[in-house]
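Student: If you scroll down you'll find the structure; I have some questions about it.
The values are calculated or read from the model by the stated rules, or taken from the named source; none is laboratory data. Just so you know, these numbers come straight off a predicted model, no measurement behind them. All Cβ positions, glycine included, derive from the backbone under ideal geometry; neighbour counts span all protein chains shown.
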Amino acid sequence: MLPLDPQADIGRRAWVACPNCDDRQGCDPCAAGRSCSTHWRYLLSNTGSLLHLQCPSCTHIWTHETHFGATRTFWQRLTTGLRPPG
Ligand SMILES: [Zn+2]
Ligand SMILES: [Zn+2]
């Protein structure tokens, strides 16, 4: 297990599935696309639409390509867990 990155900040979270531990399996809030209080990732940093994330469950670090520009709306959606319809 890696140590938590010094940039890990509980005030900056993102609701993205972890490619390593897939801990959202069988979780109702996650399946419903809501901002689950258990399954979130530390948002370490970002470069454009590329997010640098760390999973608090397994400490896996990876980059996630969002294919979105880092617009204000995008960031609000990502960091509050709200998702557009559909
Ligand atoms: Zn994980
Ligand atoms: Zn969950």
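Student: Among the residues of segment 1-40 satisfying the criterion of being within 16 Å of ligand 2 (Cβ to nearest atom) and among the acidic types (Asp, Glu), which is surrounded by the fewest Cβ atoms within 10 Å (Cβ to Cβ)?
Tutor: Filtering first and then ranking leaves ASP28.
Student: Determine if segment 12-30 includes at least one residue that is among the aromatic types (Phe, Trp, Tyr) and not in a loop (DSSP other than H, G, I, E, B). So that I can check it myself, show each step before the final result.
Tutor: Filtering segment 12-30 down to residues among the aromatic types (Phe, Trp, Tyr) leaves 15.
Checking the rest, the ones that are also not in a loop (DSSP other than H, G, I, E, B) come to none.
Within segment 12-30, not a single residue is among the aromatic types (Phe, Trp, Tyr) and not in a loop (DSSP other than H, G, I, E, B).
Student: A further question on this structure: GLN7 passes all but one of (1) within 16 Å of ligand 1 (Cβ to nearest atom); (2) part of a loop (DSSP other than H, G, I, E, B); which number fails?
Tutor: (1)
Student: Among the residues of segment 34-76 satisfying the criterion of being in a strand (DSSP E or B) and among the hydroxyl-bearing types (Ser, Thr, Tyr), which is modelled with the lowest pLDDT?
Tutor: Taking segment 34-76 and keeping what is in a strand (DSSP E or B), we get 41-47, 50-54, 61-65.
Checking the rest, the ones that are also among the hydroxyl-bearing types (Ser, Thr, Tyr) come to 42, 45, 47, 63.
Numbers: TYR42: 95, SER45: 92, THR47: 84, THR63: 95.
So, considering only residues that are in a strand (DSSP E or B) and among the hydroxyl-bearing types (Ser, Thr, Tyr), the one modelled with the lowest pLDDT is THR47.
Student: Assuming LEU82 fulfils every condition listed in (1) in a loop (DSSP other than H, G, I, E, B); (2) modelled with pLDDT of 85 or more apart from one, which condition is it?
Tutor: (2)
Student: Just a yes or no: is a residue in segment 52-60 farther than 22 Å from PRO6 by Cβ, within 16 Å of ligand 1 (Cβ to nearest atom) and either touching a residue at least 12 places away in the same chain (Cβ under 8 Å) or surrounded by 15 or more Cβ atoms within 10 Å (Cβ to Cβ) (or both)?
Tutor: no
Student: What tally of residues in segment 1-38 results from selecting those that are of a type in the set (A, V, I, L, M) and over 15 Å from CYS55 (Cβ atoms)? Step through it out loud before you land on a result.
Tutor: Taking segment 1-38 as the starting set, the residues that turn out to be of a type in the set (A, V, I, L, M) are 1-2, 4, 8, 10, 14, 16-17, 31-32.
Of the ones still in play, those that are also over 15 Å from CYS55 (Cβ atoms) are 31-32.
Adding up the residues that qualify gives 2.
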